[in-house]
Amino acid sequence: MDKDKVQIFDTTLRDGEQVPGCKLDTEQKLVIAARLDELGVDVIEAGFPISSPGDFQSVQEIAKLVKNATVCGLTRAVKKDIEVAAEAIRLAAKPRIHTGIGTSESHIQFKFNSTREKILERAVEAVKYAKTFVDDVEFYAEDAGRTDNEFLARVCEAVIKAGATVLNIPDTTGYCLPEEYGAKMKYLKENVTGIEKAVLSCHCHNDLGLATANSIAGVKNGARQIECTINGIGERAGNTSLEEVVMILRQHPYLNLDTDIDSTLLYDTSQMVSQKMGMPVQPNKAIVGSNAFAHSSGIHQDGVIKQRETYEIIDPKDVGVSQSSIVLTARSGRAALAYRAKNVGYELTKLQLDVVYDTFLKYADRQKEIFDEDIHKIMETSKLGIGNIA
Ligand code: KIV
Ligand code: ZN
């Protein structure tokens, strides 16, 4: 059966770049945008053009550069924002305006001091105005995660009538549980007249560590776009991580969902974004962290050396990592030591391994990790006798 395609909407250069300390100049943004296009994302949210002349320029340059992906500019439901975004993306091969407004009670009362009816009117006006510039208009119902489903459905129905092509349902505060977020998508699919004319989109924040799980729940319930960032960077605890959702869909083929992402570019892209933004990737980050394919306990190492799949569900080559690594620490066993020693030229008999392993443990108890150069020293020391290293 043919798989349904989930569109990947990358917002590294907008929601990701909002993070303090992650600001990029136009040149850096262009390099990342070119890579995102090569990676195969469907939409690049290039920035928030009204926010600063620098961001306007970046969006404009990205719009000219990008060959395949749709280039999108963010706006509030404000005429001037929409005009500026329209100008910034004018030269894109596939331009999109992303406009919207808060729909939760908290946003309506405290942010806008307004009413549901007035918010609904502003949403419709913004979409209609954006449509005078481009065909492709995405509407976001900010804080949809905490918006009552009935009102959210009314807003969605009204903006579809006004011409919205994509409905973004952001869990802006990262509050939803996966079943709740999935149920929200299902509710909209079943209760919004005209929903077949628009694509539902997941935009999840990671305040409770649920952004990826929520996005997957969203597509399992009918959404067909996921908004995400490289390395999951973004406001506060971040956004859904692109590499995670792409690999989840790929590793679970029975979901019958896939993306057009070239996963072999994931590791390199993660490194590029991390370096340009000066934002290190946590070592235990799924898919792209330095420990994602590293094995350090003896039991796991023994298994992986015999058959990689015993402790790995992804072939590292599929995400652009050349091979799994067997890390030597005081928790490593003989199999790992023999494997690493062989890699640097020592083929050990069982008896030799017993001797060398004792020396190894003495070294390993003194330092966090044993590297190739230490293996040579361990071999030397072992020949001299175990007591000599103290
Ligand atoms: O998190 C959010 O609600 C957003 C919108 C502006 C799309 O980033
Ligand atoms: Zn966001």
Here is a list: A126, A141, A162, A130. Which entry is closer than 19 Å to I82 by Cα, in contact with a Leu (Cβ under 7 Å, 6 or more places away or on another chain) and at pLDDT 95 or above? A141
Is it the case that segment 40-61 has a residue that's surrounded by 14 or more Cβ atoms within 10 Å (Cβ to Cβ), more than 21 Å from Q275 (Cα to Cα), more than 16 Å from ligand 2 (Cβ to nearest atom) and of a type in the set (D, E)? yes
Does any residue of segment 200-214 turn out to be touching a residue at least 60 places away in the same chain (Cβ under 8 Å), crowded, with 24+ Cβ neighbours inside 10 Å, among the polar types (S, T, N, Q) and farther than 23 Å from P20 by Cα? yes
Under 8 Å between Cβ atoms, at least 6 apart or on separate chains: pull out the pairs that start in segment 215-244 with a residue that is open to solvent by less than 20 Å² (accessible area, probe 1.4 Å) and within 10 Å of ligand 2 (Cβ to nearest atom) and end on any residue that is hydroxyl-bearing (S, T, Y) and in a loop (DSSP other than H, G, I, E, B). E227/T11; E227/T240; T229/T11; T229/T240; G234/T11; N239/T11
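Can you tell me how many residues in segment 79-113 are in a loop (DSSP other than H, G, I, E, B) and either crowded, with 17+ Cβ neighbours inside 10 Å or within 16 Å of ligand 2 (Cβ to nearest atom) (or both)? If you could, list the steps in order and put the result at the bottom.
The initial filter retains those residues of segment 79-113 that are in a loop (DSSP other than H, G, I, E, B), namely 89-94, 103-104, 112-113.
Still in the list and also either crowded, with 17+ Cβ neighbours inside 10 Å or within 16 Å of ligand 2 (Cβ to nearest atom) (or both): 89, 92, 94, 103-104.
The qualifying residues number 5.
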Would you please list the contacts, defined by Cβ atoms under 8 Å and residues six or more apart or on different chains, that run from a residue in segment 1-16 that is closer than 18 Å to A63 by Cβ and open to solvent by 10 Å² or more (accessible area, probe 1.4 Å) to a residue that is part of a strand (DSSP E or B) and within 13 Å of ligand 1 (Cβ to nearest atom)? R14/E45; R14/G47; R14/L74
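Quick grid of which residues meet (1) touching a strand residue (DSSP E or B) at 6+ places or on another chain (Cβ under 6 Å); (2) open to solvent by less than 10 Å² (accessible area, probe 1.4 Å); (3) outside any loop (DSSP other than H, G, I, E, B); (4) hydroxyl-bearing (S, T, Y):
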| site | (1), (2), (3), (4) |
| --- | --- |
| A130 | yes, yes, yes, no |
| E138 | yes, yes, yes, no |
| R154 | no, no, yes, no |
| T173 | no, no, no, yes |
| K186 | no, no, yes, no |
| T193 | no, no, no, yes |
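The values are calculated or read from the model by the stated rules, or taken from the named source; none is laboratory data. Please read these numbers as outputs of a predicted model, since none were measured by experiment. Because the Cβ atoms are built from the backbone with ideal geometry, glycine has one as well, and the counts that use them run over all protein chains shown. For the accessible areas, the whole protein counts, side chains as well, though only heavy atoms, and no ligand, DNA or RNA atoms are used. Shrake-Rupley method; radii C 1.70, N 1.55, O 1.52, S 1.80 Å.
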